[in-house]
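Here is the structure we will look at, set down as structure tokens.
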Amino acid sequence: MANCRKMRLAVGQMTIQPGAVNGNIERATGMIRTAAEQDCRLIVLPECLDVGWTDPSATELAVRIPGQ
């Protein structure tokens, strides 16, 4: 393998509080900071981490993806 480089990867497993967008974003941000402090170049976070999959408020709280 020519020119291969190592990269540190983090997987962020977090508790998602349904409908609690600000708290969920704060927890994710904290995980990103912690990973960066440990020299991680990429962190994988749960999908729908802002609102949660099953919360009924998801249809009102969802944000449109830019360009869609």
> What pairs can you find where one residue is in the range 21-34 and at pLDDT below 95, the other is in a helix (DSSP H, G or I) and surrounded by 12 or more Cβ atoms within 10 Å (Cβ to Cβ), and their Cβ atoms are less than 7 Å apart, with a gap of 6+ or different chains?
Replying inline: Val21/Leu61
> So which of Thr15, Thr34 is exposed (fewer than 13 other Cβ atoms within 10 Å of the Cβ) and polar (S, T, N, Q)?
Replying inline: Thr15
>> When the residues of the range 37-64 are narrowed to those that are surrounded by 13 or more Cβ atoms within 10 Å (Cβ to Cβ) and not in a loop (DSSP other than H, G, I, E, B), which ends up modelled with the highest pLDDT?
In response: Ile43
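The values are calculated or read from the model by the stated rules, or taken from the named source; none is laboratory data. In this text, all values refer to a predicted model and were calculated from it rather than measured experimentally. All Cβ positions, glycine included, derive from the backbone under ideal geometry; neighbour counts span all protein chains shown.
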